[in-house]
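A.B. asks: Mind having a look at this structure? Questions to follow.
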Amino acid sequence: MGKRVLLIEDEPNIIEAISFILSRDGFTVHTHEDGETAMDKLRAQPPDMVILDVMLPGRSGYDILRDLRAAPESAELPVMMLTARGQAKDRELAARLGATLFLTKPFSNTEVRDHVRRLIGA
């Protein structure tokens, strides 16, 4: 079984594109669309990496990242943040909260795949 990536994203087109490109590359991709229950999903099936949208229903990706970094079992988990808002203040907040990588939308599928390969190996 390939390394597991949890994609927490609420846009169907992005879910489909990232799931397709990573699955084709040998990764097992699980998806979740709700910020409110994202931590439950993470605890139930701990992934090797998280791809996390900033703007989610229920809770923001920043709130989820804060929780991830506060929990010993996920403090070192690679987290790639995705957002349509790529301003300096957004990047700074993500870095301060412990994001491993920050990508702005739109992004290329190849770019996402290459970053995942680099962060968790393939």
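A.B. asks: Tell me, please, whether a residue that is among the acidic types (Asp, Glu), farther than 21 Å from GLY35 by Cα and free of Cβ contacts under 8 Å to residues at least 12 places away in the same chain can be found in the range 98-117.
C.D. replies: yes
A.B. asks: Next question. Looking at the range 27-36, can you tell me whether even one residue there is in a loop (DSSP other than H, G, I, E, B), surrounded by fewer than 16 Cβ atoms within 10 Å (Cβ to Cβ) and at pLDDT 95 or above?
C.D. replies: yes
A.B. asks: Restricting the search to the range 21-58, which residues are over 23 Å from ALA84 (Cβ atoms) and among the charged types (D, E, K, R)?
C.D. replies: ARG24, ASP25, ASP40, ARG43, ASP48
A.B. asks: In the list ALA88, ALA70, ALA95, which residue meets the criterion of being of a type outside the set (S, T, N, Q), surrounded by fewer than 16 Cβ atoms within 10 Å (Cβ to Cβ) and within 18 Å of ASP48 (Cα to Cα)?
C.D. replies: ALA70
A.B. asks: Next question. When you look at PHE107, is it closer than 17 Å to LEU7 by Cβ, surrounded by 12 or more Cβ atoms within 10 Å (Cβ to Cβ), among the hydrophobic types (A, V, I, L, M, F, W, C) and in contact with an Asp or Glu (Cβ under 8 Å, 6 or more places away or on another chain), yes or no?
C.D. replies: no
A.B. asks: Checking ALA94 against (1) part of a loop (DSSP other than H, G, I, E, B); (2) more than 11 Å from the chain's Cα centre (by Cα); (3) among the aliphatic types (A, V, I, L, M); (4) closer than 17 Å to LEU119 by Cβ, only one condition comes out false. Which one?
C.D. replies: The failed condition is (1).
A.B. asks: If you don't mind, there's one more thing I want to ask. Tell me which residues, restricted to the range 4-14, are under 14 Å from the mean Cα position of the chain (by Cα) and open to solvent by 20 Å² or more (accessible area, probe 1.4 Å).
C.D. replies: ARG4, ASP10, GLU11, ILE14
A.B. asks: Residues in the range 8-32 that are over 14 Å from ASN109 (Cα atoms) and among the β-branched types (Val, Ile, Thr): how many?
C.D. replies: The total comes to 4.
A.B. asks: Residue by residue through the range 37-59, note down the ones that are among the β-branched types (Val, Ile, Thr) and open to solvent by less than 10 Å² (accessible area, probe 1.4 Å).
C.D. replies: VAL50, ILE51, VAL54 - these are the residues of the range 37-59 that are among the β-branched types (Val, Ile, Thr) and open to solvent by less than 10 Å² (accessible area, probe 1.4 Å).
The values are calculated or read from the model by the stated rules, or taken from the named source; none is laboratory data. Note that the coordinates shown come from a computational prediction; the quantities given were computed from them, not determined experimentally. We place every Cβ from the backbone using ideal geometry, glycine too, and count neighbours over all the protein chains shown. To get the accessible areas, we keep the full protein, side chains included, count just its heavy atoms, and leave off ligands, DNA and RNA. Shrake-Rupley method; radii C 1.70, N 1.55, O 1.52, S 1.80 Å.
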